[in-house]
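Notes follow once the structure below has been shown.
The values are calculated or read from the model by the stated rules, or taken from the named source; none is laboratory data. All values reported here derive from a predicted model rather than from experimental measurement. No Cβ is skipped: glycine too gets one built from the backbone with ideal geometry, and neighbour counts run over all protein chains shown. With ligands, DNA and RNA removed, areas are computed over all heavy atoms of the protein, side chains included. Shrake-Rupley method; radii C 1.70, N 1.55, O 1.52, S 1.80 Å.
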Amino acid sequence: MKIPKTLRTFCPKCKTHTEFSVSIYKAGKRHGARWGERRQAERKKGYGGQKFPEQHNQAKVTKKTSLMLKCKECSHSLQRKGIRLKKAEVA
Ligand SMILES: [Zn+2]
């Protein structure tokens, strides 16, 4: 699906409709030395270390794509709810 580069929507900071630039959300890089990563490594140690079930049988064929919007007036960013798409591109 092609997503427009800009769209007009409500900005909660400006309290009015403004132009937003659109980008696709990408998860940040994982850093092994961070506290959450070290805690998870500690949990997983030893016999029976997995603390929550790992999912093996995937029912869905698509992943959710969420959009990051950035206000052109005040550069406030907001995230749109994820929608299921096979392919998303900002065009
Ligand atoms: Zn704004």
>> Here is a list: Lys64, Lys60, Lys70. Which entry is modelled with pLDDT under 95, part of a strand (DSSP E or B) and out of contact with any Asp or Glu (no Cβ under 7 Å at 6 or more places or on another chain)?
In response: Lys64
> Any idea which of (1) in a loop (DSSP other than H, G, I, E, B); (2) more than 16 Å from the ligand (Cβ to nearest atom); (3) among the charged types (D, E, K, R) is the one Arg38 doesn't satisfy?
Replying inline: (1)
> Pairs, please: C-beta under 7 Å, at least 6 apart or cross-chain, first residue over 30 Å from Thr9 (Cα atoms) and in region 40-67, second exposed (fewer than 10 other Cβ atoms within 10 Å of the Cβ) and of a type in the set (Phe, Trp, Tyr)?
Replying inline: none
> So which of Phe10, Phe20, Phe52 ends up being open to solvent by 60 Å² or more (accessible area, probe 1.4 Å), part of a strand (DSSP E or B) and of a type in the set (A, V, I, L, M, F, W, C)?
Replying inline: Phe10
>> Of the residues Arg84, Arg80, only one is open to solvent by 100 Å² or more (accessible area, probe 1.4 Å) and closer than 19 Å to Ala27 by Cα; which?
In response: Arg84
>> Cβ contacts < 8 Å: first residue under 11 Å from Gln79 (Cα atoms), restricted to region 11-29; second residue of a type in the set (Ser, Thr, Tyr) and assigned to a loop (DSSP other than H, G, I, E, B), any location; separation 6+ or different chain. Result?
In response: Ile24/Ser66; Tyr25/Ser66
